[in-house]
1. Name the residue, out of A:Glu160, A:Glu236, that is at pLDDT 95 or above, over 12 Å from the mean Cα position of the chain (by Cα) and under 21 Å from A:Glu276 (Cβ atoms).
2. Out of segment B:141-157, which residues are more than 9 Å from chain A (Cβ to nearest Cβ) and either buried (at least 24 other Cβ atoms within 10 Å of the Cβ) or within 22 Å of the chain's Cα centre (by Cα) (or both)?
3. Out of (1) in a helix (DSSP H, G or I); (2) buried (at least 24 other Cβ atoms within 10 Å of the Cβ), what's the single condition that is false for A:Met210?
4. Which residue is most open to solvent (accessible area, probe 1.4 Å), if the candidates are limited to segment B:324-348 and must be touching a residue at least 60 places away in the same chain (Cβ under 8 Å) and closer than 22 Å to B:Leu4 by Cβ?
5. Take A:Ser95 and decide whether it is assigned to a loop (DSSP other than H, G, I, E, B), open to solvent by less than 10 Å² (accessible area, probe 1.4 Å) and within 12 Å of another protein chain (Cβ to nearest Cβ).
6. What number of residues within segment A:268-307 satisfy the criterion of being among the hydrophobic types (A, V, I, L, M, F, W, C) and either open to solvent by 10 Å² or more (accessible area, probe 1.4 Å) or free of Cβ contacts under 8 Å to residues at least 24 places away in the same chain (or both)?
7. Do we have B:Thr240 as of a type in the set (S, T, N, Q) and out of contact with any Lys or Arg (no Cβ under 9 Å at 6 or more places or on another chain) here?
8. Quick check on my filter: what residues within segment A:9-48 are touching a Phe, Trp or Tyr at 6+ places or on another chain (Cβ under 9 Å), of a type in the set (S, T, N, Q) and free of Cβ contacts under 8 Å to residues at least 60 places away in the same chain?
There are 2 protein chains.
Amino acid sequence: MPMLDSITENRIINSLASKFCRSPLQQNLIHESDAEIIKIRKNSESPITVTIDSISEEIETGLYDDPYLIGWMLVMVNFSDIAATGAEPVGILISEILPDNLSSEYIENIQSGINDAVNKCGSYVLGGDTNSGKNLILTGCALGRSSQNKYLKRISCQKEDILYSTGCSGRGNAYAVTKLINRNESQFSFYPAARLKEALIIRDYASCCMDTSDGVISTLDQLTRLNNCGFELVDEWIKTVDEEALSVFKNNNLPDWLLMAGQHGEFELLFTIPPEKESEFLNSARSINWVPVKLGNVIESKVIRLKLYGRIVSIDSELIRNLPHQLNGDVKGYLQALLEYDRFLRSD
Amino acid sequence: MPMLDSITENRIINSLASKFCRSPLQQNLIHESDAEIIKIRKNSESPITVTIDSISEEIETGLYDDPYLIGWMLVMVNFSDIAATGAEPVGILISEILPDNLSSEYIENIQSGINDAVNKCGSYVLGGDTNSGKNLILTGCALGRSSQNKYLKRISCQKEDILYSTGCSGRGNAYAVTKLINRNESQFSFYPAARLKEALIIRDYASCCMDTSDGVISTLDQLTRLNNCGFELVDEWIKTVDEEALSVFKNNNLPDWLLMAGQHGEFELLFTIPPEKESEFLNSARSINWVPVKLGNVIESKVIRLKLYGRIVSIDSELIRNLPHQLNGDVKGYLQALLEYDRFLRSD
């Protein structure tokens, strides 16, 4: 998959997995879904979905410095992947590497965050492991079940499908600005909840689905590479970003569209609905008082287009996605590079 | 469970889990099994088993310093827990925290160890996650399936049940001596394999089962606390330890019985067979050319007894199990404390 390989992260994953054979019970190829879709037996009528996700870099950079949030996020990043496959949560297993100098109060706060998050998801901690170590690192492994052999993958969207999001975007990146760029910025609440309830409706209508754990542009970039298609955002995409997040960016003189480009996502689901199913889908959404956010359309060209500075721009999402690896975790350098690319777009 | 709480590790686990509710789909209580036994749906006919285990302390102390072994062990520690529940392996998910300074050759060796170990287990890597971080840490989450609602737990052994092991003990502790105590000792091969094949036979006969990931004495100690019983080892327990491991201990003037007391185990399964099932069990074992090692018997008193220095001794397994936490990872101090306890036993 040469297009996938242009992205450093995909290349690293492909290289790590290069020796491994796929299980004949696995229903997805590598990169094809947010969680692995596995039949437990050859004749299982419906598969389980399972994912593993660690929180380490976010702790090391100071992005997550509150123990309650660390516990909360551990659960949500994992269940968000489960949601993106259209599965219901069964539970989560947690491995904690705890430095010896952590206070018992700090550890209790981690556990409270975990507990509140699993309760919010209507799910359970099933088990765990604990070790001591130099740095705090949490790893979760979440299980989901999907019924009647129905699940969502990142693949199979078609030209003219309509691109939706479960909610407004930008809170993840606004939070990151308040934590890593301008700590004078007033507190910004960031407790994303995995979109599990919505996922069960999306599952019945969508042609593909992926969560925005890495932000909207990175998610669309990956979908572009997997589906050999592109996306055009609605002219008024500004109405699809979160208002509070927009204020943070305005206060810090940051361009609005970077709310979608930054790679600390908001854990919404992006998904595509075939036009003929749209009205039925919206009816179902209404039944749970949910208003999906229309983000754009699938297009034939393999680009991500949006209206910016008075014209239609194709975003160089490859450049944007590769920045974090290129800059090796240098947060300020990363923002400078994004701003430089923004200046290039303005002047072009 | 006051008896369980006398052990620091149990107390830490209980405290971490104290806030969490158990899932109604979970078929085991905390501590009751090596892996969690979960029904995916209320009406599932057979549960899956799932476990999470990280390798971090072993890397930090230098016990595992070979990348191939690190990968191998990650898979085996997880599948050993699956085996201890009498399940077949479905696959494993792996999260890798990789420091930036690791060479690509080092990483390839980790992946080779992982790949060879999953092949040895007849299983698959199902997916993973990768992050950068200051220290190398690997976490695995293994899945197993058990058929016809049959699985093994650590509980339910009865007085006079016969204690067996899948193999000889001591290789884990002999390896640890060559790595951490006397590096002049010649290379000692340590590539334990999860006892998956044997587990499927044990499942049909055993009253309880647990792996020796923490060594024989610690395993028996936990079974004692869970079952309100004790164990008496056969008089000739020396014949149940591995010969090569025995040589390492002799070369280093270490008491033989510490091959069972040290807490770097050999990943055998310890299990108990009701006397009336023993002969049928041994026949089944023979059918796969496996000779189980008879280790002793279940007794009523809540002690671990063995013949040592010419008399029957009750081992203070609580003291032994709590040493690693008490000494906070000081390996030499740990060995000194074990030797001191051995001197006490000799002189008593």
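The values are calculated or read from the model by the stated rules, or taken from the named source; none is laboratory data. Because the structure is predicted, anything quoted here is derived from the model rather than measured. Counting neighbours? That spans all protein chains shown, and the Cβs are built from the backbone with ideal geometry, glycine included. Surface accessibility is based on the protein's heavy atoms, side chains included, excluding ligands, DNA and RNA. Shrake-Rupley method; radii C 1.70, N 1.55, O 1.52, S 1.80 Å.
1. Only one candidate passes the filter, namely A:Glu160.
2. B:Ala142, B:Gly144, B:Ser146, B:Lys150, B:Tyr151, B:Leu152, B:Lys153, B:Arg154, B:Ile155, B:Ser156, B:Cys157
3. (1)
4. Initially, segment B:324-348 is screened for residues touching a residue at least 60 places away in the same chain (Cβ under 8 Å), giving B:324-326, B:329, B:331-332, B:335, B:338-339, B:342.
Keeping just the survivors that are closer than 22 Å to B:Leu4 by Cβ gives B:324-326.
Numbers: B:Pro324: 49, B:His325: 88, B:Gln326: 135 Å².
The selected residue is B:Gln326.
5. No, not satisfied.
6. Start the filter on segment A:268-307 by keeping residues that are among the hydrophobic types (A, V, I, L, M, F, W, C), which leaves A:269-271, A:273, A:281-282, A:285, A:288, A:290-291, A:293, A:295, A:298-299, A:303-304, A:306.
Then drop every residue that is not either open to solvent by 10 Å² or more (accessible area, probe 1.4 Å) or free of Cβ contacts under 8 Å to residues at least 24 places away in the same chain (or both), which leaves A:282, A:288, A:290-291, A:293, A:299, A:303.
Of the residues in that region, 7 qualify.
7. So B:Thr240 does not fit the description; no.
8. A:Ser23, A:Gln26, listed by residue number.
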